1. Could you check the simple spin-label distance between residue 190 and residue 480, using points 7 Å along Cα→Cβ, in nm with one decimal?
2. Between residue 411 and residue 317, what length in nm is gained on full extension when 0.36 nm per residue of separation is reduced by their alpha carbon distance?
3. Report the Stokes-Einstein translational diffusion coefficient (µm² s⁻¹, integer) for the stretch 10-206, Rh taken as the Kirkwood radius over Cα pairs, at 10 °C with viscosity 1.306 mPa s.
4. Using 0.36 nm per residue of separation minus the Cα-Cα distance, give me the extension gain between residue 299 and residue 86 in nm, one decimal.
5. How large is the direction-averaged shadow of the alpha-carbon convex hull of the stretch 309-373, in nm²?
6. Modelling each spin label as a point 7 Å along the Cα-to-Cβ direction, I'd like the residue 238/residue 288 distance in nm, to one decimal.
7. First measure r as the distance between the Cβ atoms of residue 22 and residue 260, then evaluate 1/(1 + (r/R0)^6) with R0 = 25 Å and state the FRET efficiency to the nearest 0.05.
8. For a protection proxy built on the mean count of beta-carbon atoms within 10 angstrom, sort 536-547, 417-428 highest first, please.
Amino acid sequence: MKPEPIATHGGDRVAAALQAHAVRFVFALCGGHISPILTAAKARGIRVVDVRDEATAVFAADAVARLTGTPGVAAVTAGPGLTNTITALKNAQLAQSPLVLLGGAAPTALQGRGALQDIDQRPLVAPHVKLFRKVTRVADLAPAVEEAFAAAREGVPGPTFVECPVDLLYDEASIRQWYADAAGKGTALADRLLRWYLHRHVEKMFAGSAAPWSARARDVPAPRAAEAHVARAAALLSAAQRPLAVIGSQALACADAADRIAAAVTQLGIPVYLSGMARGLLGREHPLQLRHQRRQALREADCVLLAGVPCDFRLDYGRHVRRSAKLIAANRSAREARMNRRPDLAAIGDAGLFLEALAAKCGTISRAEWIAQLRTRDAAREAEIDRDAAAGGEHVNPLAFFRALDRSAGDDAVFVADGGDFVATASYIVRPRAPLAWLDPGVFGTLGVGAGFALGAALARPGAEVWILFGDGACGYGLVEFDTFVRHGIPVIAVVGNDAGWTQIAREQVKLLGDAVGTVLARTDYDRVAAGFGAEGIAVRTMAEVEPALARARELARAGRPVLVNVWLDKTDFREGSISM
């Protein structure tokens, strides 16, 4: 590889490493500690997308990672800039999203001495990332970024962090002059010792920086389960009369393999439930895909394959799968494969690649009667939803709304889910059109992901129709990012389910404790707030207004305008008793 020219400053070394990894976007909120990274990234043709909250930058990087399989990148300034990212970092860790966070830091010689925004960042960040790398030499900046990209993708994917002190990022002449000025010209012994110390410190910082260097991306192959485990799983599934698969987000860690994984699932021929990022893997309608009554199906199945799915609260800690059933767990994480329920077979490796190998090994498993039984039950549930959706009211029935949205959204739609009751209702009705077309926070259940996820999705999928499904509570976290959408020309369509409350919490709180305290909101004009940022706002208060509003929103988005549709909802008991712990 051709060596890079001598960098004008350390920020350019970081940018060169990003360029070597084919990074197209850096999501950031500006700060003096990271300015050289941002300017150098722009100079190298990397788009710098500045947002209004550091958490949004990390959520956007997370979305890019999920949709492309390549780590997304965020850059934030030191101290509060970094602490603002902690929730988003933890969400990425638990969702197993490979992203690289670049963080500024106080000058190396002033750390721990009361410098601006100076804190010990390691204890705050290290528990939530796979790798924490604190750089102390200019020559180590690019290698640290390379290491962070590799670590983010290895084994179980996740976020990594590189701390880049500000005095490593600016040009050498300026930094040497800054330290020379700081050393002063005094002749006292203390002054001479200070000059000696600072000179020695600077020499260490720039040691090796004049040597030829190159930025490169490391090859990180996906882990594969043992062939013996593939053969054993094939035998267990072939012997089963009522086999069932549950496929989760981790199965799409190799995003570029999504179509092959879908083909493998089709070839296997066993009924399947999809969750998280795996929603849409089989398209809108597929004879093997089921959407309802998963708990009952799991209790009836005699062999269950969990592909990238742990036995956490979503499967009632493994109790949804009956004890007599054979359990196969395909997972990159040995810990998650055995979480709460020891499987009969733990196939440790990439779950998507395991599905491909499994289909090649055992071919098609035909269980027509079992599939027909499950599909009949699914159809009955769909009929129940249709009946509930037909109920009239003063404003908008949320089930009827999502039926209309599902009919209206384009074939290239990407849905971003950010909310409680409103979004959970959507999950029963809205059908992702294709693989990697549904983004939700994952196991952490984080509110506030919507704006960042939509920003990342729109940039990773240029031209796609990006929808944010906002609960009115969750909307409050990201509403300010309509400023970002407008400034950067990101034509998202946000739909706010406005029922004037934190409804998912209120349902159980009122029933069990008899008090709605803390769960009541107002019927806020979110559409007018979005308009204040320069976006388009549409108010919907009756069912008759729904379809024209959705059509108008799509028209505006195609014209390059971000838009928010504020939908006043009626209360329903559709999800009564559904809170999880």
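Just so you know, all these numbers are worked out from the coordinates, no wet-lab data involved. A quick note: this is a predicted structure, and the numbers were derived from the prediction, not measured. Cβ sites come from the backbone with ideal geometry, for glycine too, and all protein chains shown count toward neighbours.
1. 4.3
2. On the way: separation 94, 0.36 × 94 = 33.84 nm, distance 3.56 nm.
Here the segment from residue 411 to residue 317 would lengthen by 30.3 nm.
3. For the chosen part, D equals 94 µm²/s.
4. Working: separation 213, 0.36 × 213 = 76.68 nm, distance 3.80 nm.
In short, 72.9 nm is gained.
5. On the way: hull surface 20.8 nm².
Mean projected area of the Cα convex hull: 5.2 nm².
6. It is 1.7 nm.
7. Numbers: r = 22 Å, r/R0 = 0.86.
So the FRET efficiency works out to roughly 0.70.
8. Values: 536-547: 17.6, 417-428: 23.7.
Peptide ranking by packing, descending: 417-428, 536-547.
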